[in-house]
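Read the structure below first, then the notes.
The values are calculated or read from the model by the stated rules, or taken from the named source; none is laboratory data. Computed from a predicted model, the values in this text were never measured in an experiment. Here the Cβ positions follow ideal geometry from the backbone for every residue, glycine too, while neighbour counts run over all protein chains shown. The protein model used for the area step is the full one, side chains on, heavy atoms only, and it has no ligands, DNA or RNA in it. Shrake-Rupley method; radii C 1.70, N 1.55, O 1.52, S 1.80 Å.
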Amino acid sequence: MTLIDKIKTISKNQEPVYLITGKNDYWENEVMKQIKKIIPEEEQTMNFATFDMEETPLSVAINDALSIPFFGEKRLVLIKNAYFLSGSHSKSKIKHNIEELEQYLDNPSIETVLIILAPYDKLDGRKKIVKKLKSKSSMITLNDFSERETIDFVRNQVKMQGYQINSDAMNEFYARTLGDLSKMMNELQKIFIYCKDSKEITVEVIDKLVSKSLDQNVFALVDYIVTGKTTQAIHFYHQLLEQKQEPIQINAILESHFRLLLQVKILMQHSYSQNMMTTTLKIHPYRVKLAMQSTQRFSLNYLKDAYLHLVQIECKLKSSTDNPELLFEMFAIELGQKKNSY
């Protein structure tokens, strides 16, 4: 059963316990929409309770799950931030009695739907409670949605609304939103309005309506630098400054980008797959994919020198009165020269 199918069945054939893992804002919202359909809206005030595990003891949530519904047939209990299921450490000083949850799983209330949200890439499979939840609950993993599935889903949504989008436009749309499904669905609303007459979504439409983030502009800046287009890089840098972008912020994103390239280069040398890198680095698969494509053009020493140079610029931007524009220009020139020496 696909992720979409699993979510659709929640409101129709609900299970007593759901374990929702992973992080995807769009699908999390869709899950919540289906969950809220289980009980009438007028009953939700009395029969729908949410408990944050970083603020409330688990026992309070379990006691609520054991309570009978007030003037209704079903009760919904939502447990958020179940960090005790992962290897993560919380700053919260709340102590949880995990045994109470284990006991509840052995005999869940037939009048309650218990939903446990664990927005983590991976749960700690060594823990007894994790093993028990996997066997006693209906598990939905929000991360189980690939780039291909995201594109197909969006393309289907476009088609259902009576519009068309060509492959080039879809690829550009995916790139500009970094594959963020929530952002893609939000952006589609204004795209539909703009294209209401032609019903055709083109690259030109995407370019006009979907703005590039600072991260994506810096990605273009990096491309100018590493391909030896120093003049274009410096000109583009000045354009970003004219757009009121802060030099220290631009440098921070440049530094982050080259750090990612360096990490991916090292992991590739250790035969890591794209999926393994995504899990290890805890970033969106699309960013890993782009980094893997980019790193093939560079040596490890080249990436290391670029990263260290940006770290030095960061220190100067924070502790001196050096001209930020001059610092960047020197960086672009030196990196352009080094490209041919490796």
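Each pair of Cα atoms in the range 2-78 enters the Kirkwood radius, and Stokes-Einstein at 10 °C and 1.306 mPa s then converts it into a translational diffusion coefficient of 117 µm²/s. Near LYS316, which lysines are there with a Cα under 26 Å away, not counting those fewer than 8 places off in the same chain? Within the straight-line cut-off, LYS316 pairs with LYS229, LYS244, LYS304, LYS338, LYS339. Between SER271 and LYS93, residue separation times 0.36 nm minus the direct Cα-Cα distance comes to 60.0 nm. Within the accessible surface of the range 1-115, defined with a 1.4 Å probe on protein heavy atoms only, the carbon and sulfur portion equals 48 percent. At a probe radius of 1.4 angstrom, the accessible area of the chain per residue rounds to 55 square angstrom. Couplings 3J(HN,Hα) of the range 87-97, computed from phi: x, 6, 10, 9, 7, 5, 9, 5, 9, 10, 8 Hz, in residue order, whole Hz [Karplus 6.51 cos²θ - 1.76 cosθ + 1.60, θ = phi - 60°; x for Gly and Pro].
Considering only protein heavy atoms and a probe of 1.4 Å, how much of the accessible area of the range 160-220 is carbon and sulfur, as a whole percent?
Working: 1480 of 3210 Å².
Carbon and sulfur: 46 percent of the exposed surface of the range 160-220.
Within the same chain, aspartates and glutamates fewer than 8 places from LYS36 are excluded, and of the rest, those with a Cα less than 16 Å from its Cα are GLU15, GLU28, GLU73, GLU111. Computed from Cα atoms alone, the Kirkwood hydrodynamic radius reported for the range 251-308 is 11.3 Å.
Please give me the summed charge of the neighbours of ILE206: other residues whose Cβ is under 10 Å from its Cβ, Lys and Arg +1, Asp and Glu -1. Let's see the in-between values first.
Details: positive: ARG176, LYS208; negative: ASP168, GLU172, GLU187, GLU204, ASP207.
Taking every other residue near ILE206 into account, the sum is -3.
So which of LYS37/LYS196; LYS80/LYS289; LYS6/LYS80; LYS6/LYS74 end up more than 23 Å apart, counting from Cα to Cα? Display every interim value, and only then the final one.
Working: LYS37/LYS196 32 Å; LYS80/LYS289 31 Å; LYS6/LYS80 20 Å; LYS6/LYS74 20 Å.
Going by Cα-Cα distance, LYS37/LYS196; LYS80/LYS289 fall outside the 23 Å limit.
In the range 85-170, taking the dipole from charged Cβ atoms about the Cα centre, the farthest positive-side position among GLY87, ALA118, GLN157 is held by GLY87.
Candidate cross-link partners of LYS190 among the lysines, defined by an alpha-carbon separation under 21 Å and a same-chain spacing of 8 or more, comprise LYS159, LYS199, LYS208, LYS212.
A simple rule links phi to the HN-Hα coupling: the Karplus curve 6.51 cos²θ - 1.76 cosθ + 1.60 with θ = phi - 60°, which for the range 163-177 gives 10, 10, 9, 7, 4, 4, 5, 5, 5, 5, 4, 5, 5, 5, 9 Hz, with x for Gly and Pro.
Compared with the dominant principal axis of the Cα atoms in the chain, helix 181-194 is inclined by about 70°.
Run the dipole for the chain about the Cα centre, Lys and Arg Cβ at +1, Asp and Glu Cβ at -1, nothing else charged, and hand back the magnitude in debye, nearest 20.
Values: 44 positive and 43 negative charges, 165 e Å.
It works out to roughly 800 debye.
Axis angle, to the nearest 10 degrees, between helix 25-36 and the longest C-alpha principal axis of the chain: 10 degrees.
Equivalent-ellipsoid semi-axes (√(5λ), Cα gyration tensor) for the chain, whole Å, largest first? Each step should come with its number before you reach the end.
Working: eigenvalues 402, 139, 66 Å².
That gives 45, 26, 18 Å for the three semi-axes.
In the complete set of protein chains, residue-level accessible area for HIS235 is approximately 110 Å², probe 1.4 angstrom. With point charges of +1 on the Cβ of Lys and Arg and -1 on the Cβ of Asp and Glu, referenced to the Cα centre of the range 271-342, which listed residue (THR278, GLN293, LEU308) lies farthest in the positive direction of the dipole? Among THR278, GLN293, LEU308, the one farthest towards the positive end of the dipole of the range 271-342 is THR278.
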